[in-house]
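See below for the structure under consideration.
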Amino acid sequence: MTRIGDLLPDAARGLGLEDELRLSRAMATFEAIVAERVPAAAGGCRVLRLDGFDLVVEADAPIVAQELRLRTAELLAAFAASPAGTGARELRVHVRRGGARV
């Protein structure tokens, strides 16, 4: 018996969706890390992309961006220790233009 999660990487590779699967895992992992370590920022930020060794994150408000920047070392260490965080060395945080998401 094989778990479906163990089959996904091979299926994604076969369909040419490796990058999308990697991004999806990074998004879910970062969301969980933020919820655990910076609960006030949970739901107020999201991973936009993995750009080489950079984890690019969008924050809904400047205060959320500031909190993430203050905790960069802690967040990156937790992310890098996860299976989805391979190679991430820098956290780049951008504030979303146009106000908070609804």
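Figures for the structure shown
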| read-out | value |
| --- | --- |
| Contour excess over end-to-end distance, with Cα ends at Ala81 and Leu23 and 0.36 nm allotted per residue | 19.3 nm |
| Phe79, Phe30, Phe53 arranged by Cβ crowding within 10 Å, fewest neighbours leading | Phe53, Phe79, Phe30 |
| Relative exposure of Leu91, Leu48, judged by other C-beta atoms within 10 Å (fewest first) | Leu48, Leu91 |
| Charge-dipole axis of region 18-95 as Lys and Arg at +1 and Asp and Glu at -1 on Cβ define it, positive-most pick from Ala73, Pro62, Cys45 | Ala73 |
| Under-5 Å amide H pairs with Arg96, H placed in peptide plane, nonlocal only | Ala59, Asp60, Ala61 |
| Residue order, fewest to most beta carbons within 10 Å, for Val56, Val93 | Val56, Val93 |
| Stokes-Einstein translational diffusion, region 18-95 - Kirkwood Rh over all Cα pairs, 1.306 mPa s, 10 °C, in µm²/s | 132 µm²/s |
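Here, each number is a calculation from the coordinates, and none is a lab measurement. What you see is a predicted model; the values in this text were computed from it and never measured. As a convention, Cβ positions derive from the backbone with ideal geometry for all residues, glycine included, and neighbour counts pool all protein chains shown.
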